[in-house]
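The structure under discussion appears below in the form of structure tokens.
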Amino acid sequence: MIGFLRRRFMLVTVRGDSMMPTLRPDQRVLVRLGRPFSADDVVVFRTAAEHVSLMIKRVAAAPGEAVPDDMRDVVGDVVVPDGFVLVRGDNPLSVDSRTFGYLPADAVVGLVRTPK
């Protein structure tokens with residue numbers, strides 16, 4: 001049973017305030033690995049940054065969806081291309097797709113089970 005759970009879920013500790021007020025720094029969240037995601041879902045994804053291996057953000061637009069107005073200048077498109085996703089922190093000061101542009105969809109690790 002424990003092996004089954006480890007293959008399907010992981011616990012992640014929130015670092016930073018980019019997802020405030022939804023998620024608080026040092027809050028632990030359950031992540032369902034390998035789940036399909038859509039716009040407005042909170043996801044965990046792998047990063048290329050040296051000092052951070054995982055990040056938590058909300059999906060702003062999935063493949064085939066319209067690029068949000070505040071991200072069009074960064075990505076230069078009107079529709080998110082296949083294989084990519086745009087993410088946004090709930091905190092307006094978050095570093096997210098408004099800064100780094102598209103995220104490869106296969107970098108998404110899983111879906112955060114947000115508290116109700």
Test: residue in the stretch 10-28 that is of a type in the set (Asp, Glu) and modelled with pLDDT under 95: no
Filter result (touching a Leu at 6+ places or on another chain (Cβ under 8 Å), under 18 Å from SER18 (Cβ atoms) and part of a loop (DSSP other than H, G, I, E, B)) within the stretch 51-74: PRO68
Hits in the stretch 25-50 - residues which are of a type outside the set (Val, Ile, Thr) and either part of a strand (DSSP E or B) or under 14 Å from PHE9 (Cβ atoms) (or both): ARG28, LEU30, ARG32, LEU33, GLY34, ARG35, PHE45, ARG46
Residues (surrounded by fewer than 19 Cβ atoms within 10 Å (Cβ to Cβ) and assigned to a strand (DSSP E or B)) located in the stretch 93-108: PRO104
Filter result for ASP90 (surrounded by fewer than 21 Cβ atoms within 10 Å (Cβ to Cβ), over 10 Å from the mean Cα position of the chain (by Cα), within 24 Å of PHE9 (Cβ to Cβ) and of a type in the set (Asp, Glu)): yes
Tally of residues being modelled with pLDDT of 90 or more and basic (Lys, Arg) across the stretch 35-46: 1
Close pairs (6 angstrom Cβ cut-off, 6 or more residues apart or separate chains): among the polar types (S, T, N, Q) in the stretch 89-104, modelled with pLDDT of 95 or more anywhere: ASN91/ASP17; ASN91/SER18; ASN91/MET20; SER94/SER18; SER97/MET71; SER97/LEU86; SER97/VAL87
Sole exception among (1) of a type in the set (Lys, Arg); (2) farther than 20 Å from GLY110 by Cα; (3) surrounded by 16 or more Cβ atoms within 10 Å (Cβ to Cβ) for ARG58, by number: (2)
The stretch 80-92: number of residues that are farther than 20 Å from GLN27 by Cβ and outside any loop (DSSP other than H, G, I, E, B): 3
Of the criteria (1) assigned to a helix (DSSP H, G or I); (2) out of contact with any strand residue (DSSP E or B) (no Cβ under 6 Å at 6 or more places or on another chain); (3) surrounded by 15 or more Cβ atoms within 10 Å (Cβ to Cβ), which one ASP77 fails: (1)
Breaking point among (1) in contact with a Lys or Arg (Cβ under 9 Å, 6 or more places away or on another chain); (2) modelled with pLDDT under 95; (3) small (Gly, Ala, Ser), for ALA49: (1)
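The values are calculated or read from the model by the stated rules, or taken from the named source; none is laboratory data. Since the structure is predicted, the reported quantities are computational estimates derived from the model, not experimental observations. Counting neighbours? That spans all protein chains shown, and the Cβs are built from the backbone with ideal geometry, glycine included.
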